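Bear in mind that the values in this text are calculations on the coordinates, not laboratory data. Here the structure is a predicted model, which means the values were calculated and not measured. Heads up, the Cβs are rebuilt from the backbone with ideal geometry, glycines too, and the neighbour counts pull from every protein chain shown.
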Amino acid sequence: MYLVAPARLAAGELAELVGELAAAGVDLIQLREKEAEAADLLRLAGPLLEACKAAGVPFILNDRPDVALALKADGVHVGQNDLPIAFTRRFFGDGIIGLSTHAPGEVDRALGRSDLIDYFVVGPCFTTPTKPGRPAAGLELVRYAAEQHTTLPWFAIGGINESNLDEVMTAGATRIVVLRAITEAADPVAAAAALKNGLLDA
């Protein structure tokens, strides 16, 4: 289970909750602050990186390989319109690199770059305000990714919560990215634990 979140959740600062979230079953954490400038990202990410190190959870930064390198983050996640993967790999070295995909052809290209990326994500499974204007790719894309039987790790993303988790898993996902179901929860640790239990039960 992969948490993508801003530095501040509805329930408080993410850095202060990392240990409990890790204990509840969060395996990776990505900081996503789309509007933040580089200096603000460095300031926001510093405490979170330290908290992730203490909890033994890889820390991933969204979109910015330059800031990720400066931070010595564990990884960086990029989208289809960010820096090309080959350049990101040369720039970021041996760190974790993840890639977003939204269509079967993008999944195919991700699989063709398995020497350059460490994982990819598939979605959005459901319409989500996190990506305004982007229609949901739907569970058909999850099924397509599952049918490729790749050993490259991949995650389903987009509007996933406790009520629809079974649908996502039935479509073939074994890993999920969670945003609002944890970040907007009154008790994010309990929300994380419930989702992780659902994954393990499946």
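Per-structure values
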{"read-out": "Of ALA22, ALA86, ALA51, farthest towards positive along the dipole that unit charges on Lys, Arg, Asp, Glu beta carbons give the chain", "value": "ALA86"}
{"read-out": "Note, ³J(HN,Hα) from phi for the stretch 158-164, Karplus 6.51, -1.76, 1.60, rounded to Hz, x at Gly and Pro", "value": "x, x, 7, 8, 5, 6, 10"}
{"read-out": "Listed peptides 187-195, 78-86 by packing density, highest first (mean Cβ within 10 Å)", "value": "187-195, 78-86"}
{"read-out": "Where N is the number of residues in the chain, Cα Rg divided by 2.2 N^0.38 Å", "value": "0.95"}
{"read-out": "Fraction of antiparallel bridges per DSSP, the chain only, in percent to nearest 5", "value": "10 percent"}
{"read-out": "Sorted by Cβ density within 10 Å, fewest first, the residues ARG89, ARG43", "value": "ARG43, ARG89"}
{"read-out": "Neighbour-count order for HIS149, HIS102, HIS77, fewest beta carbons within 10 angstrom listed first", "value": "HIS149, HIS102, HIS77"}
{"read-out": "Taking SER163, SER114 and counting other C-beta atoms within 10 Å, the order from fewest to most", "value": "SER163, SER114"}
{"read-out": "Two-decimal ratio, the stretch 140-202, of alpha-carbon radius of gyration to 2.2 N^0.38 Å", "value": "1.12"}
{"read-out": "Whole-Hz ³J(HN,Hα) from phi, Karplus 6.51 cos²θ - 1.76 cosθ + 1.60, for the stretch 143-156, glycine and proline x", "value": "4, 4, 4, 5, 5, 7, 6, 7, 8, 6, x, 9, 10, 8"}
{"read-out": "Which of LEU179, PHE120, ALA145, positive extreme of dipole for the stretch 86-202 (C-beta unit charges)", "value": "PHE120"}
